[in-house]
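The values are calculated or read from the model by the stated rules, or taken from the named source; none is laboratory data. Here the structure is a predicted model, which is why all the values come from computation and not from measurement. Backbone-built Cβ (ideal geometry, glycine too); neighbour counts: all protein chains shown. The accessibility values were calculated without ligands, DNA or RNA, using every heavy atom of the protein model including side chains. Shrake-Rupley method; radii C 1.70, N 1.55, O 1.52, S 1.80 Å.
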Amino acid sequence: MKIQFLPTTRKEITALGWQQADIILVTADAYVDHPSFGAALIGRWLTHHGFKVAILAQPDWHSADDFRAMGPPRLFWAVTSGCIDSRLNMYASMGSKRREDAYSPAGKLGLRPDRPLIVYAERARQACKGVPIVLGGLEASLRRLVHYDYITDKLQRSVLADAKADLLVHGMGESAILEIARRLDAGAPVNDIHDIPGTAYRVIKGATVPDDAVQLPSREELQADNTKFMDFQLAYQDQSSPAGRPVAQDQGPGQIVVNPPAAPLSQQDLDTLYALPFTRMWHPKYDTLGGVPALKPVQFSITTHRGCFGGCSFCAIYFHQGKQIASRSPESIIDELDSIAQHPQFRGTVEDIGGPTANMYGMACAAAPTCKRMSCLFPSPCAKLPSHDAVIAMLNRVLQWRNAQKKKPHIFVASGIRHDLALQSKDYIRLLAKHFVGGHLKIAPEHICPHVLDMMQKPHNDTFEAFEAEFEKASKAAGKQQYLVPYFISAHPGSSPQEAEKLTEYLVKRNWRPRQVQDFVPVPLALATAMYVSGRSPKKKAIYIPKGRGEKRLQMALLQYYDKRNFKTISQYLSPRGKHKLLAQIRKLQLT
Ligand code: SF4
């Protein structure tokens, strides 16, 4: 039976002829039935495999009433805090509260609690005792072990321990959650389910740490000596591929065991997943509430693959999606374009055809499952890197499809690309510039200073400038005037104010006014967060760590030198250093 939206009320469950749901998926986001929204993706996947799934989106957490309203789930509660980490959703880098929640109707604030996984798990327990609770989604995944929390400025226990849940699914969760559902359905007690790749469990009620588990430094040890945080990070990183060993960590009290990640979905499974009947709409109950803003930028975008082998140290995708690239078939992508073209709300633009890094489509390396390198590109591109042939062939199929349409839609690549990788194929750059860029291409040099770029695990600036020249040439050859939109990060570990100043000099010299400046946020499990906490580089050498609001503001102001409001901050830093010429140039540019 085709279900338009998964049921969200007791009435809808009854209308479907169900006695009860097998699984109730609780999410801190509004319910949007789109493959970019994890709750919808997992809900549809489990439904496709024969389970009855209901969605409890943004329940009132002040009591357990909303958790009782649909009756207890037969198998388990699946609890997620939504598409992004709830800290990032609620707070900006310097700890101030955000003014909008794009994942809530009309961007309204206050519809999710602080740390939703912990709060929802407690309410689910109150609503019906004895029903297993499984955590999943990005926040659960990245907070699977002891982690740094930038709002409390403390090392927190695994969210699995704090939420007292039964299991935690980490990484892309389809295969793990399906296996959990099947085992519980077959009558296995949840306390016996300890061997599924991509899951973590608490060592209680008879559970033991596996003999082959790697023991990680405990929370107590990490609290007593923060320099050990880098040892911890590297030890876990070593085991974080599907071929790794389980790891165990003392959380005080008790231990957490984290199994290695699940292998990525096969192409056939990915094709099946993205062919499920997503409506690409928010639930109708939000129509009168102003809709859900997060849907708009992705409503007609297509995910071509999963995984990223870039290994940028400030990004935690390595620990969530993994380094192995899993790609959909071109046929599956064309089928999705067909369904988008028939969508009643489609207005002729496919916003994005990409993935975590657009030009990694089809680049599956046979050695990836056992390879221990975090990045295939840093410190230099690996000789075994696959070519751009698959992504070029896929984009050409997309062009053929577009040219066969009566009204030719615009199709863009809006996901980021790795420019050092792109430089390996001028054909790719030409194709991209000619057909898939709408005037501006986002690109992430992130900095210009070699030492900072090394800490970020990014290519040096000469590589960026080489890409810039190629892109310009390709755009000119295509008869298009197009520009790069560079992204930069301020206050990254390793970046001193002097290095921020060098970047400012470069920006001023080029009269670049970057709008896309991100103040470094130490997100859980990212390598750069381990640098931030430990004060050490991955080679365990002491490095400069920008900390405190004053310094973070200064580095941000230096990169946004063109904003008049920043002049006082910049001047207070540059004047005593005798940088009057640079200051005068900044003043002049601010006035133009
Ligand atoms: S062998 Fe090279 S290309 Fe393959 S996964 Fe390892 S680093 Fe990447």
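A few points about this structure:
- For region 378-411, the set of residues classified as in a loop (DSSP other than H, G, I, E, B) and crowded, with 20+ Cβ neighbours inside 10 Å consists of PHE378, HIS388, listed by residue number.
- Some residue of region 59-74 being under 26 Å from ASP519 (Cα atoms), among the basic types (Lys, Arg) and touching a residue at least 40 places away in the same chain (Cβ under 8 Å): no
- With a requirement of 2 or more residues that are within 25 Å of the chain's Cα centre (by Cα), the helices (runs of 4 or more DSSP H) lying completely within region 193-281 that satisfy it span 228-238, 267-274.
- Whichever residue in region 502-537 is among the basic types (Lys, Arg) and either open to solvent by less than 10 Å² (accessible area, probe 1.4 Å) or closer than 26 Å to ILE570 by Cβ (or both) and, among such residues, is nearest to the chain's Cα centre (by Cα): ARG515
- Selection from region 538-572 of residues that are surrounded by fewer than 19 Cβ atoms within 10 Å (Cβ to Cβ), assigned to a helix (DSSP H, G or I) and not polar (S, T, N, Q): ARG549, GLY550, GLU551, LYS552, ARG553, LYS564, ARG565, PHE567, LYS568
- Single residue of region 324-338 satisfying the filter (assigned to a loop (DSSP other than H, G, I, E, B) and either under 14 Å from LEU399 (Cα atoms) or in contact with a helix residue (DSSP H, G or I) (Cβ under 8 Å, 6 or more places away or on another chain) (or both)) that is nearest to the ligand (Cβ to nearest atom): ILE325
Conditions (1) within 16 Å of the ligand (Cβ to nearest atom); (2) open to solvent by 20 Å² or more (accessible area, probe 1.4 Å), marked per residue:
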position	(1), (2)
LYS296	no, yes
PHE300	no, no
THR304	no, no
CYS308	yes, no
ILE340	no, no
VAL350	no, no
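- For region 131-154, the count of residues that are within 19 Å of CYS83 (Cα to Cα), surrounded by fewer than 19 Cβ atoms within 10 Å (Cβ to Cβ) and either among the charged types (D, E, K, R) or touching a Leu at 6+ places or on another chain (Cβ under 6 Å) (or both) is nonzero.
- Taking the conditions (1) more than 8 Å from the ligand (Cβ to nearest atom); (2) surrounded by fewer than 20 Cβ atoms within 10 Å (Cβ to Cβ); (3) modelled with pLDDT under 95 in turn, MET374 satisfies each one other than (2).
- Contacts under 8 angstrom Cβ, first residue in region 357-370 being touching a residue at least 24 places away in the same chain (Cβ under 8 Å), partner near the ligand (Cβ under 9 Å from one of its atoms) and of a type in the set (Lys, Arg), 6 or more apart: CYS365/LYS384; ALA368/LYS323
- Considering (1) more than 24 Å from the chain's Cα centre (by Cα); (2) more than 16 Å from the ligand (Cβ to nearest atom), the lone condition that CYS382 does not fulfil carries the number (2).
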